[in-house]
Amino acid sequence: MSGAYFLTTAIDYVNSAPHLGHAYEKVLADFFARHQQSLGSDVLFLTGVDEHGQKVQQSAQKEGIEPQLFCDEMSARFQRLHESLGVKASHFVRTTDAHHKTIVREWLQRLHDKGEIFFQEYEGYYSIRQEQFVTEKDKVDGQWPEIFGEVIQTKEPNYYFRLEPYRQRLLKHLEENPEFVVPTFRRKELLGALTEPLADLCISRPKSRLSWGIPLPFNEDYVTYVWFDALVNYYSFASIKGTLYWPPDLQIIGKDILIPAHGVYWPIMLFALDQALPKHLLVHGFWTNSGAKISKSDAKSLVDPVPYVEKFGPDVLRYFVLREMVLGQDADFSDERFDTRYTGDLGKKLGNLVQRTLSMIGRYRDGKIPSYDGFHITPADTALRSDAVVEEYRRAVDEFAPHLALQAIWNLVARANEYVEETAPFKLAKDPTQAKRLDAVLGHLAETIRRLSVLIEAALPFTAKKIRAQLQLPLGPVKLEEALFGNSLHGHVIGKPEVLFPPFEEKPQAGT
Ligand code: MSP
């Protein structure tokens, strides 16, 4: 056991349906969670939904239903998506959960008791869409940027949390822990945002304006600002498995919520409450749709992951997003790219390798994996036996580069397909003097697809199991070390080959 590993994702707003960006982040986290499990870690993986705030209240009103009912329905939708994608969290977080509400109130009370929160009348600009006060400094070329929506002038007494006293400490933390924000260019952005004094954070909203929130423990006429409420979720459910897992090892978020929410508010909340900071904030980029920005307000831009999962199965979408996106950068989704990955990497490369290996063992050796001896091993076999792929895979995951981890695996797939061409088992089968050599070739191929089933476990868990089922091996859970070469399959009887990624007649048009 290599100890505990605690990872989280952002929790999604329930005011609109889940899209590809949400699906990506959860798959990414699930990939790291499964990887840690395969190393023997005791994993706590949290993901879920953010249910309070004005937008949710408005969406529920529009539908003419109670906000709680609206949240129940939308949360179930997100949860169904996770299930269909094989995203297996330890707990699905909901901020309307009674336990979470208690923790938020406890945190607020503690900050209030410590004098970190104060009450003040404030007059200024307020962005309705962002649910926050804004200042002249937020203007771009003298205009309010579009993300703020309608900006009104308002006067209102509220509760504030002082951030500035912690700015130097946060800067020091960033200096001493260069891996706190990954990738490096995002860390630099955060350092840039910390060069100026920090404004106090308004952490309350008067109930008269917004009722859908957690009441402040020290003034029930106010509810908690939705970001303060949401960030606390990481702590509220950190004890869900009985003991407290703290601090988080990995917190995965999108680039839009690093500054200020996770890069400024969150660490300062933790400082003020004497809690340790997460080890890494891993910041991913955004998906675009055929070049266009994916935006909730533009329905056409949204890529609904559900039809892709239904048509191709969860692993195809998982593979696509993990392979296509260089973690940290933006990436583009299109049916053509999806089709290329499906037909090429999955169908022609992995699927074909598994199918041809199993059918040859069926045809030439009655479904029994042959044993072979050292006399019939060639340099081509030795290359296939190399364990360097496991090291390369592991290093790429440690460096938060799933696309490179998958590339390392697919290099082995390519090597194995070349090996079939080079060794030509179909010819060996016709020559009785080559029977021992054929045993060695089939033995190595069987061993390779067994190893591949272990290596793809974190990214393509369903396919990994299908391959093991066809090999008639235990389905799992597997440990990554099982991906090392080993002659464990001699004499083992396999099952019937089954096509893993069948070709589609027409081009995939799942999204249209
Ligand atoms: N509720 C807040 C997060 C609170 S965390 C304490 C929120 N929700 S969100 O639904 O707007 O976004 C959830 C996650 O999805 C964020 O990490 C966000 O960056 C990510 N994405 C939203 N659109 C995206 C893309 N187009 N592409 C990739 N991820 C994107 O923010």
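The values are calculated or read from the model by the stated rules, or taken from the named source; none is laboratory data. Everything numeric in this text was worked out from a predicted model, so none of it was measured. Note that we place each Cβ from the backbone using ideal geometry, even for glycine, and neighbour counts take in every protein chain shown. SASA here: full protein model, heavy atoms, side chains in, ligands and nucleic acids out. Shrake-Rupley method; radii C 1.70, N 1.55, O 1.52, S 1.80 Å.
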Report the extension gain between ILE152 and LYS62 in nm, rounded to one decimal, defined as 0.36 nm multiplied by the number of residues separating them, less their alpha carbon distance.
30.2 nm
Listed by chain and number, the residues whose amide H is under 5 Å from that of GLN132, excluding neighbours fewer than 5 places away on the same chain and using placed H, are SER127
When DSSP beta bridges are limited to those with both residues in the chain, what percentage is antiparallel, rounded to the nearest 5?
50 percent
Could you quote the convex hull projected area for segment 310-483, Cα atoms only and averaged over all directions, in nm²?
10.8 nm²
Towards the positive end of the charge dipole of the chain, with charges on Cβ (+1 Lys, Arg; -1 Asp, Glu), say which of PHE338, ALA429, LEU270 has the farthest Cα.
ALA429
Sulfur and carbon atoms: percent of accessible area, segment 310-483 [1.4 Å]:
51 percent
Can you list the aspartates and glutamates whose alpha carbon sits under 19 Å from that of LYS55, skipping same-chain ones fewer than 8 residues off?
ASP12, GLU63, GLU66, ASP72, GLU73, ASP97, GLU131, GLU146, GLU150, ASP229, ASP256, ASP298
With every protein chain left in place, what is the accessible area of TRP246 in Å² (1.4 Å probe, nearest 10)?
50 Å²
What's the Cα-based Rg to Rh of segment 206-275, Rh via Kirkwood?
1.02
For segment 446-454, 3J(HN,Hα) per residue [Karplus equation, 6.51 cos²θ - 1.76 cosθ + 1.60, θ = phi - 60°, Hz, x = Gly/Pro]:
4, 4, 5, 6, 4, 4, 4, 4, 7
Each label point is 7 Å from the Cα along the Cα-to-Cβ direction; what then is the distance between the points at GLN407 and GLU481, in nm?
3.0 nm
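Can you check how the C-alpha radius of gyration of segment 88-201 compares to 2.2 N^0.38 Å, as a plain ratio?
1.32
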Over the Cα atoms of segment 4-284, compute the convex hull volume and normalise it per residue, giving Å³.
137 Å³
Could you please state how large a percent of the accessible area of segment 4-284 is carbon and sulfur, counting protein chains only and using a 1.4 Å probe?
48 percent
To make sure I understand the rule: partners must be aspartates and glutamates, Cα under 20 Å from the Cα of LYS496, and not fewer than 8 residues away in the same chain. Which ones qualify?
ASP366, ASP439, GLU447
Over segment 83-155, what is the relative contact order in percent, taking alpha-carbon pairs closer than 8 angstrom and at least six residues apart?
26 percent
Using DSSP to call loops (not H, G, I, E or B), can you name the chymotrypsin sites (Phe, Trp or Tyr not before Pro) in segment 84-155 whose Cβ has at most 15 other Cβ atoms within 10 angstrom?
none
Under the Kirkwood approximation for Rh and a Cα-based Rg, what ratio Rg/Rh is obtained for the chain?
1.05
Between ASN177 and LYS427, what is the FRET efficiency for a Förster distance of 60 Å, r being their Cβ-Cβ separation, to the nearest 0.05?
0.55
Using only C-alpha positions, report the orientation-averaged shadow area of the convex hull of segment 235-287, nm², one decimal.
4.1 nm²
So which lysines can LYS436 reach, going by Cα to Cα under 17 Å and dropping same-chain residues fewer than 8 places off?
LYS368, LYS427
What residues from segment 173-187 fall in the zone where the backbone N is under 19 Å from a label point 7 Å along the Cα-to-C-beta line of GLU399?
178-187
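Let me know the charge dipole size of the chain about its Cα centre in debye, to the nearest 20, where only the beta-carbon of Lys, Arg (+1) and Asp, Glu (-1) is charged.
On the way: 59 positive and 68 negative charges, 301 e Å.
With Lys and Arg at +1 and Asp and Glu at -1, about 1440 debye.
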Cα→Cβ-extended label distance, 7 Å offset, between GLU196 and ASP141, nm:
1.9 nm
Rounded to the nearest whole Å², what accessible area per residue is found for the chain with the 1.4 Å probe?
43 Å²
Quick one: length gained pulling HIS376 to GLU83 fully straight, 0.36 nm per residue minus the C-alpha distance?
100.8 nm
In degrees, nearest 10, the alpha-carbon axis of helix 20-38 is tilted away from the dominant principal axis of the alpha carbons of the chain by 60 degrees
Cα long-axis angle, helix 461-470 against the chain (0 to 90 degrees, to the nearest 10)
20 degrees
Accessible-area order for THR382, THR47, THR135, largest to smallest, probe 1.4 angstrom, reads THR382, THR135, THR47
Have a look at VAL354, ALA388, PHE375 and report the one farthest towards the positive end of the charge dipole of segment 310-483, computed about the Cα centre with Cβ charges (Lys/Arg +1, Asp/Glu -1).
PHE375
ARG110-SER295 pseudo-label distance in nm [points 7 Å out on the Cα-to-Cβ vector]
4.0 nm
With Cα coordinates, the longest principal axis of the chain makes an angle with the long axis of helix 314-324, in degrees rounded to 10, of 80 degrees
Checking the table LYS348/LYS479; LYS26/LYS466; LYS114/LYS296; LYS188/LYS241; LYS300/LYS466 against a 31 Å threshold on Cα-Cα, which pairs fail?
LYS114/LYS296; LYS188/LYS241; LYS300/LYS466
Just to verify a number: FRET efficiency for LYS255 and ARG169, C-beta to C-beta distance, R0 = 25 Å, to 0.05?
0.55
